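J.: Once you've had a glance at the structure underneath, I'll fire off some questions.
The values are calculated or read from the model by the stated rules, or taken from the named source; none is laboratory data. Predicted, not measured: the structure shown is a model, and the values here were computed from it. Methodologically, a virtual Cβ is constructed for each residue, glycine included, from the backbone with ideal geometry; neighbour enumeration extends over all protein chains shown.
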């Protein structure tokens with residue numbers, strides 16, 4: 001009977017030893033490679049770095065686009081006297097940016113200009129009015145070269161009090 005107990009004890013010890021030695025983490029650690037926990041930590045750090053890079057590039061792109069849009073709007077308003085800040089309706093063909101964040105669309109130019117003036121007074125100097133093909137007048141509060149720039153600007157502007165919450169993106173090439 002003693003030998004049967006020793007055999008059972010040996011089998012149990014061998015089973016536990018085999019289970020511990022056959023795990024991937026044990027083998028990785030024995031070979032000096034990263035374990036599952038190490039790999040997960042690296043994945044988390046990589047995801048955090050990518051998110052930070054995305055935020056940095058988004059902020060830079062937004063700043064660049066807002067500056068370009070401001071230059072766009074001031075160039076279009078050059079026909080007016082410098083002291084006059086009343087927006088004018090710009091033909092769609094004269095827009096230099098492909099994607100615009102639209103704060104409103106109006107049937108009369110007067111209503112569009114009034115909304116554009118309100119948005120400018122609230123602090124968005126890049127606001128401008130242009131005529132759509134449908135004889136409606138759109139008030140743009142941002143113009144960008146890529147859809148991603150416009151989406152990022154829309155996300156930032158929708159959280160502010162400058163523009164209404166129901167913003168949308170207009171592609172001038174369509």
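J.: Hey, among the residues in segment 121-141 that are modelled with pLDDT of 90 or more and more than 15 Å from residue 94 (Cβ to Cβ), which one's surrounded by the fewest Cβ atoms within 10 Å (Cβ to Cβ)?
T.: 136
J.: Which of the residues spanning segment 132-144 are touching a helix residue (DSSP H, G or I) at 6+ places or on another chain (Cβ under 6 Å) and farther than 20 Å from residue 158 by Cα?
T.: Scanning segment 132-144 gives a single hit, 137.
J.: Another question about this same structure. Might you let me know whether segment 146-155 holds any residue that is surrounded by fewer than 18 Cβ atoms within 10 Å (Cβ to Cβ), without any contact (Cβ under 8 Å) to a residue 24 or more places away in the chain and within 17 Å of the chain's Cα centre (by Cα)?
T.: Checked segment 146-155: at least one residue is surrounded by fewer than 18 Cβ atoms within 10 Å (Cβ to Cβ), without any contact (Cβ under 8 Å) to a residue 24 or more places away in the chain and within 17 Å of the chain's Cα centre (by Cα).
J.: Give the residue, chosen from 68, 77, 37, that is at pLDDT below 80 and more than 19 Å from the chain's Cα centre (by Cα).
T.: Answer to the selection: 77.
J.: Can you pull out the residues in segment 157-174 that are out of contact with any strand residue (DSSP E or B) (no Cβ under 8 Å at 6 or more places or on another chain) and either touching a residue at least 12 places away in the same chain (Cβ under 8 Å) or not in a loop (DSSP other than H, G, I, E, B) (or both)?
T.: 158, 161, 173
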